[in-house]
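Report on one structure; see the data block that follows.
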Amino acid sequence: MVMKFSVCNLGCKVNAYEAESIAARLVQSGWERVQFTEPADAALIFTCAVTNIAAGKSRKMMHRVRRLNPDCVTVMAGCYAQVQDGMLEDAEIIVGTENKNRIPEYLEEYMRERKKIRAYTDLQSVCFDNMVSAQSDEKSRAYLKVQDGCDQFCTYCIIPYVRGRERSMDPDRAVQEASALAKTYHEIVLTGIHTGRYGKEYNVTLASLMKRILNETSVQRLRISSIEITEITDELIELMKEDDRIAKHLHIPLQSGCDRILSLMNRPYTTAEYYDKIEWIREQIPGIAVSCDLITGFPTETDADFEETFAFLKKCRFSFLHVFPYSMRQGTPAAEMAQVSSEVKKERAGRCLQLSGELAKEYASQWIGKKVSVLFEQSRNGYTEGYDSHYMYVKIPGNHPRGMLAECIIREYRDDAVYAEAAEL
Ligand code: SF4
């Protein structure tokens with residue numbers, strides 16, 4: 001009898017990468033993957049602990065599975081599983097940060113012995129868990145997780161407490177993985193929890209890894225998922241200038257545009273340092289897209305602090321903003337600070353989202369009449385859509401193959417999208 005399993009990912013790109021990798025291994029070992037709501041022998045929930053809300057969702061998902069599918073073995077994995085607050089005790093299997101790779105084994109063991117399994121991780125001695133990148137026909141680009149953990153301890157963030165110390169994939173292994181992925185995907189996205197800190201234990205840098213991937217594989221586009229302003233080196237920018245295959249977009253978390261708040265967040269830069277660096281990057285690579293993450297309503301943020309942030313966002317001319325209303329996370333220093341009301345958080349987030357639309361339009365407008373290369377992701381409503389090197393979401397008329405990389409000429413910005421026509425197909 002074929003055993004069935006389902007997967008639910010509640011977290012970030014790194015969580016998604018890990019969930020898909022484990023799912024691929026289960027399928028290879030003869031399990032059948034079904035939709036999350038369908039009856040299954042096992043349900044794998046990759047949890048998130050980044051906010052109280054995310055943790056709550058993880059618990060809710062566990063109870064939902066148990067209600068809909070009482071005989072199903074529930075596997076709780078990921079960051080919230082590592083928190084060990086006793087709220088997931090109903091689950092048959094709980095897997096902490098490091099042991100996700102062993103989920104197929106734990107399932108086998110549980111099916112055999114029917115004894116609950118608790119595989120938490122000692123975060124002081126955690127190693128990099130080499131996972132094989134899952135290949136899926138549904139995707140046009142592949143993620144490659146090369147780094148894990150974080151030593152920065154921003155005051156609002158639980159990740160250093162659940163993912164442990166910074167660690168990296170062996171460079172040779174990373175090039176090998178990238179080489180395999182490049183046979184199927186035109187674009188590879190290097191990802192991690194703190195990607196810019198890749199390679200310390202191997203005495204190499206993210207830029208040197210990227211150089212090897214560009215030299216030793218057939219990758220056509222290489223992208224960095226996000227990188228801290230303090231980790232953007234001359235070496236990296238030199239490489240980005242030299243090689244057209246590197247996506248001309250940097251997603252650089254800002255979090256606040258007010259120095260008082262940045263210091264309360266324990267962020268390692270000032271607004272002046274951040275601004276000077278992105279202006280320098282733009283001088284080096286004209287037209288590069290710079291986007292950021294932003295938290296609104298961080299504890300004690302006043303109206304004046306927020307107006308400072310809002311003005312700074314405009315000054316930085318980002319290509320878009322990822323906006324997150326602050327969400328308290330128990331166990332972090334910021335949770336002990338004076339909280340801002342959720343109405344105010346939401347109102348500030350709303351203003352920033354509107355600004356993000358205006359900034360995206362402004363950024364895209366400089367590309368009208370110019371050529372960009374677009375990686376096609378999907379076709380719908382008579383258009384084929386995908387991201388270009390600058391991470392602009394581009395639509396061109398017609399139905400074109402998913403995963404194709406094509407030159408397109410930008411024609412206009414309309415309804416939060418960039419419209420183009422194919423230069424050659
Ligand atoms: S850099 Fe800060 S926000 Fe990012 S994972 Fe580390 S502690 Fe969290």
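The values are calculated or read from the model by the stated rules, or taken from the named source; none is laboratory data. The shown structure was predicted, so the numbers you read here are calculated from the model rather than taken from an experiment. When we count neighbours, we look across all protein chains shown, and the Cβ atoms used for this are built from the backbone with ideal geometry, even at glycine. Remember, those area values only see protein heavy atoms, side chains included, never the ligands or the DNA or RNA. Shrake-Rupley method; radii C 1.70, N 1.55, O 1.52, S 1.80 Å.
Among the listed residues LYS116, LYS139, which satisfies the condition of being within 18 Å of the chain's Cα centre (by Cα) and open to solvent by 10 Å² or more (accessible area, probe 1.4 Å)? Break it down into steps so the answer makes sense when it comes.
Numbers: LYS116 fails: within 18 Å of the chain's Cα centre (by Cα).
One residue alone meets the criteria, LYS139.
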Pairs, please: C-beta under 7 Å, at least 6 apart or cross-chain, first residue in the same structural domain as ALA55 (by TED's automatic domain parsing) and part of a loop (DSSP other than H, G, I, E, B) and in segment 152-163, second open to solvent by 30 Å² or more (accessible area, probe 1.4 Å) and more than 6 Å from the ligand (Cβ to nearest atom)? none
Among (1) surrounded by 21 or more Cβ atoms within 10 Å (Cβ to Cβ); (2) more than 16 Å from the ligand (Cβ to nearest atom); (3) within 21 Å of ALA134 (Cα to Cα), where does GLY192 come up short? (2)
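Going by what's in this entry, would ARG64 be described as under 20 Å from the mean Cα position of the chain (by Cα), open to solvent by 50 Å² or more (accessible area, probe 1.4 Å) and either under 30 Å from GLN339 (Cβ atoms) or within 16 Å of the ligand (Cβ to nearest atom) (or both)?
On the way: under 20 Å from the mean Cα position of the chain (by Cα): no; open to solvent by 50 Å² or more (accessible area, probe 1.4 Å): yes; either under 30 Å from GLN339 (Cβ atoms) or within 16 Å of the ligand (Cβ to nearest atom) (or both): yes.
Criteria not met by ARG64.
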All-but-one check, TYR156 against (1) within 11 Å of the ligand (Cβ to nearest atom); (2) within 16 Å of VAL14 (Cβ to Cβ); (3) open to solvent by 10 Å² or more (accessible area, probe 1.4 Å), failing number (2)
Check ARG167, ARG173, ARG197 and return the single one that is open to solvent by 50 Å² or more (accessible area, probe 1.4 Å), within 19 Å of the chain's Cα centre (by Cα) and more than 18 Å from ILE246 (Cα to Cα). ARG197
Within segment 86-108, how many residues are over 25 Å from the mean Cα position of the chain (by Cα), open to solvent by 10 Å² or more (accessible area, probe 1.4 Å) and closer than 24 Å to PHE128 by Cα? 3
Filtering segment 1-35 down to residues that are at pLDDT 90 or above and part of a loop (DSSP other than H, G, I, E, B), which residue is least open to solvent (accessible area, probe 1.4 Å)? VAL34
Within segment 44-61, count every residue that is surrounded by fewer than 18 Cβ atoms within 10 Å (Cβ to Cβ) and polar (S, T, N, Q). 1
